[in-house]
Amino acid sequence: MRDKEILVTRSSMPPYEEYIEAIRPLWDSHWITNMGRYHKELEKELKEYLKVPEVSLMVNGHMALELTIQAMGFPAGSEVITTPFTFISTTHAIVRNGLEPVFCDIKESDGTIDEEKIEALITEKTVAVVPVHVYGNICNVEAIQRIADKYNLKVIYDAAHAFGETYKGAGVSNFGDASVFSFHATKVFNTIEGGAVTFQNHVLYEKLFDLKNFGIRGEELACEVGANAKMNEFAAIMGLCNLKYIGEEIEKRRRRTEYYRELLADVSGVKLFQPDEDIEYNAAYLPIMIDSGDFGCTRDELFAYLRENKIKARKYFYPLISNQVCYRKNGKGRAAALETAEKMSERILTLPLYADLDFDIMDEIVDLIKQKRK
Ligand SMILES: *Cc1c(COP(=O)(O)O)cnc(C)c1O
């Protein structure tokens, strides 16, 4: 048997010499953080790549989301409608702002928030919707915007999975009041750790600039109760290097996704999300859904079998955030019926996928899946 464990993802890195050469100037300037030259350069390049007027770089995706919500200035205790089928950061960012998350069910077709169930959750305390483009599946941005306009709500997209995608030709960063990206090591595009907020309104740029740097505006002036969420220069340079290869990286991921799809096409009991022609995907993840009736064993049994064989697939996203201890115990997160979300979280399994994943390994993974199928 193969000695090496296969993890669900593997960080993309530029050629070693290229990064080393790129960081050399830092030893001349000794300017290694605090919105330096490379912070500015990366913001500029991302504006071009993401086709969006404003980009604010952050230390990570979580702080990007937390500070974007803070920047909106909602009254404490306000309600924010969101999805329970996401990484826990999404809900934490709401709650750490003193706001109340209200969980909305998701759609079976793509795992994103069910726009038809949002309105029923709106109360006089609702101020915003925080939907997630989960696995890079783009939410129904038109319907969500209609609801937001009707009830005067802000829309902040957690776009951590959707870097570089387009919807009907438009860059995904252009929807809602803001979109938040994660540049964590495990994401399609990384700056080691990092994140960004994209939006149209320059006033928000100034606000986020204050919030990510203690609210400091001058040697003797602090105008906001800000945090520290600046991206440092080593991270920004990693981003500049990785951005050169992003097209290639996504193309390699797409080829692997296609291959998985072919291999899995005739395995009954295993379902994949159907691609939407309006979306140009970044092939960030490969989630499959196990229908234990057709498949003959449960998702958990398949998960364990893959582990025994050193394939570390992940249960993204299980458990639902609404079922997490930290939200159950304090009663946070008024939850409507979350039937589809419950069902999907019981069935979902995310298979290893990254730009340099060997095709042989994909053969092996799918063989293991077929062996387990009764
Ligand atoms: C990764 C991720 C985050 C958090 O980003 P970090 O850069 O790890 O802080 C937030 N939301 C979702 C959906 C994510 O996948």
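A few comments on the model shown:
- Within the option set 149, 105, being free of Cβ contacts under 8 Å to residues at least 12 places away in the same chain and acidic (Asp, Glu) holds for one residue only, 149.
Results for (1) under 21 Å from the mean Cα position of the chain (by Cα); (2) within 16 Å of the ligand (Cβ to nearest atom); (3) in contact (Cβ under 8 Å) with a residue 40 or more places away in the chain, shown as yes or no for each residue.
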| position | (1), (2), (3) |
| --- | --- |
| 27 | no, no, no |
| 36 | no, no, yes |
| 41 | no, no, yes |
| 101 | yes, yes, yes |
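- Residue in segment 134-149 that is under 12 Å from the mean Cα position of the chain (by Cα), more than 18 Å from residue 43 (Cβ to Cβ), near the ligand (Cβ under 10 Å from one of its atoms) and not in a strand (DSSP E or B) present: yes
- Residues satisfying the stated conditions in segment 150-164, i.e. open to solvent by 10 Å² or more (accessible area, probe 1.4 Å), in contact with a Leu (Cβ under 8 Å, 6 or more places away or on another chain) and either more than 26 Å from residue 188 (Cβ to Cβ) or more than 10 Å from the ligand (Cβ to nearest atom) (or both): 164
- Candidates 204, 221: the one that is within 22 Å of the chain's Cα centre (by Cα) and either more than 21 Å from residue 350 (Cβ to Cβ) or more than 14 Å from the ligand (Cβ to nearest atom) (or both) is 204.
- Selection of segment 75-93 for residues being open to solvent by less than 10 Å² (accessible area, probe 1.4 Å), within 9 Å of the ligand (Cβ to nearest atom) and either at positive phi or not in a helix (DSSP H, G or I) (or both) yields only 86.
- For segment 165-181, the set of residues classified as buried (at least 21 other Cβ atoms within 10 Å of the Cβ) and not acidic (Asp, Glu) consists of 172, 173, 175, 176, 178, 179, 180, 181, listed by residue number.
- Applying the criterion of being closer than 11 Å to residue 183 by Cα and surrounded by fewer than 24 Cβ atoms within 10 Å (Cβ to Cβ) to the residues of segment 43-61, the residue that is nearest to the ligand (Cβ to nearest atom) is 60.
- Neighbours by Cβ (under 8 Å, 6+ apart or cross-chain): first from segment 159-183, of a type in the set (D, E, K, R); second assigned to a loop (DSSP other than H, G, I, E, B) and away from the ligand (no atom under 11 Å from the Cβ): 165/138; 165/281; 165/282; 168/278; 177/72; 177/201
- Residue match in segment 344-362 (condition: surrounded by fewer than 14 Cβ atoms within 10 Å (Cβ to Cβ), touching a helix residue (DSSP H, G or I) at 6+ places or on another chain (Cβ under 7 Å) and assigned to a helix (DSSP H, G or I)): yes
- Test: residue 243 is out of contact with any Phe, Trp or Tyr (no Cβ under 7 Å at 6 or more places or on another chain), open to solvent by less than 40 Å² (accessible area, probe 1.4 Å) and either part of a loop (DSSP other than H, G, I, E, B) or under 28 Å from residue 19 (Cβ atoms) (or both): no
- Scope segment 256-292; condition within 29 Å of residue 55 (Cβ to Cβ) and surrounded by fewer than 15 Cβ atoms within 10 Å (Cβ to Cβ); matching residues: 275, 276, 277, 278
- Residue that is surrounded by the most Cβ atoms within 10 Å (Cβ to Cβ), among those in segment 101-127 that are more than 17 Å from residue 343 (Cβ to Cβ) and of a type in the set (S, T, N, Q): 126
The values are calculated or read from the model by the stated rules, or taken from the named source; none is laboratory data. Keep in mind that what you see is a predicted model, and the values were worked out from it rather than measured. No Cβ is skipped: glycine too gets one built from the backbone with ideal geometry, and neighbour counts run over all protein chains shown. We work out accessible area using only protein heavy atoms, side chains counted, and drop any ligands, DNA or RNA first. Shrake-Rupley method; radii C 1.70, N 1.55, O 1.52, S 1.80 Å.
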